[in-house]
1. Quick one: residue 364 ticks every box in (1) modelled with pLDDT of 95 or more; (2) surrounded by fewer than 18 Cβ atoms within 10 Å (Cβ to Cβ) bar one, so which box is it?
2. From the list 291, 314, 389, pick out the single residue that is in the same structural domain as residue 180 (by TED's automatic domain parsing), surrounded by 13 or more Cβ atoms within 10 Å (Cβ to Cβ) and modelled with pLDDT of 95 or more.
3. Residues that are touching a residue at least 60 places away in the same chain (Cβ under 8 Å), buried (at least 23 other Cβ atoms within 10 Å of the Cβ) and not in a helix (DSSP H, G or I): does the range 42-64 have at least one?
4. Taking the range 222-251 on its own, how many of its residues are touching a strand residue (DSSP E or B) at 6+ places or on another chain (Cβ under 8 Å), over 22 Å from residue 281 (Cβ atoms) and crowded, with 18+ Cβ neighbours inside 10 Å?
5. I'm trying to understand the selection: among the residues of the range 197-212, which are surrounded by 17 or more Cβ atoms within 10 Å (Cβ to Cβ), at pLDDT 95 or above and closer than 10 Å to residue 241 by Cα?
6. In the range 123-182, how many residues are part of a loop (DSSP other than H, G, I, E, B) and under 30 Å from residue 336 (Cβ atoms)?
7. Provide a single number: the residues in the range 205-245 that are outside any loop (DSSP other than H, G, I, E, B) and under 27 Å from the mean Cα position of the chain (by Cα).
């Protein structure tokens, strides 16, 4: 029987040149993790870093990579850009052959730039701004995640086709670039479908209140017939915004970004309903057996399953990185990146992945729309946009 991608990942080390050999410490391949082990970014980095540890453990158990064991070195960025640069340089100086950085362009780029400068491959754990890669860091940088534009476009497309919404209102948290990318995707596709964006407002995620924005939104609902809200934000500001919207009596459907995946914040908005967002994987009862097996392995190692989809993308990237290292016969950035750039719809545990010399983020793949209601997260359906996201939207050239 054909082995599953999950099991194949455990055996990827056996594909190295020749039979695995006993590795000495000096022969180890080193993966550095310059990620947030503290601060608010830990909510996005923590489980992804653990998933990377699980992949390394499985790979080592299967013989390692290129006949060598993989070791891990870590440094806490503390959700701080300056600390991120320091952490990245520290791990590069300690010999990292691959550097994992935070799941956000703004907070991961300082470390990734240290890797680029040293000629080492970096990968953002889950950044969704397309600058997290070639454009914003350099040709040796990748992100394990999809573009934020795909998230916004998925919600705009699904909302129009399946939810029947026609008049939207955009609330953009300007704190980080990811939020802007999500809104860019929504604002591109919703008018194409035939929808109308009645208004747009901005706020900062750490603002204590969005009362002025709610006043303007309420007026647009009354005079413009707004029938849904596109919220482009990250927690904790996103959860605070949702709480304030519902407390103000605004019960319209809210479409959100993947960054709000997880039930950990729902106690701040009891009884939340009509709230939707897209994800790559379900932490409970995914439709794919390999994902469920991976979730079970994660729970066995760490005592509890992942709480958000952000745990999974790095596993898929590491599968492809190991494949490219094996094909190149080295961890050196040049040959490995050249191999990765040839991948078109390459299979991973999360589905097909494509890279090119110009783009190191996923822009075309199905996502699961999930709903939140009665303090539960439930899958609605899988959805894939048919349109190709233009470069002007991906790079937000009009802004």
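The values are calculated or read from the model by the stated rules, or taken from the named source; none is laboratory data. Quick caveat: nothing in here was measured; it's all calculated off a predicted structure. Cβ sites come from the backbone with ideal geometry, for glycine too, and all protein chains shown count toward neighbours.
1. Among (1) modelled with pLDDT of 95 or more; (2) surrounded by fewer than 18 Cβ atoms within 10 Å (Cβ to Cβ), residue 364 violates only (1).
2. On the way: 291 fails: in the same structural domain as residue 180 (by TED's automatic domain parsing); 314 fails: in the same structural domain as residue 180 (by TED's automatic domain parsing).
After applying the criteria, what remains is 389.
3. no
4. Of the residues in the range 222-251, the ones touching a strand residue (DSSP E or B) at 6+ places or on another chain (Cβ under 8 Å) are 224-234, 237-238, 241-242, 245, 250.
If we keep only those that are over 22 Å from residue 281 (Cβ atoms) too, we end up with 224-230, 237, 241-242, 245, 250.
The next check asks that each one be crowded, with 18+ Cβ neighbours inside 10 Å; those that pass are 226-230, 237, 241-242, 245.
Result for the range 222-251: 9.
5. 203, 210
6. The first filter runs over the range 123-182 and keeps only residues part of a loop (DSSP other than H, G, I, E, B), leaving 125-130, 136-140, 144-145, 147, 164-166, 174-176.
Among the residues that remain, those that are also under 30 Å from residue 336 (Cβ atoms) are: 125-130, 136-140, 144-145, 147, 176.
Looking only at that region, the number is 15.
7. Of the residues in the range 205-245, the ones outside any loop (DSSP other than H, G, I, E, B) are 211-224, 228-232, 237-245.
Retained after the next criterion (residues that are under 27 Å from the mean Cα position of the chain (by Cα)): 228-232, 237-245.
Residues in the range 205-245 being outside any loop (DSSP other than H, G, I, E, B) and under 27 Å from the mean Cα position of the chain (by Cα): 14 in total.
Here is a yes/no grid of residues against (1) under 21 Å from residue 115 (Cβ atoms); (2) in a loop (DSSP other than H, G, I, E, B):
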residue	(1), (2)
284	no, yes
291	no, no
307	no, yes
314	yes, no
320	yes, no
330	yes, yes
342	no, yes
381	no, no
392	no, no
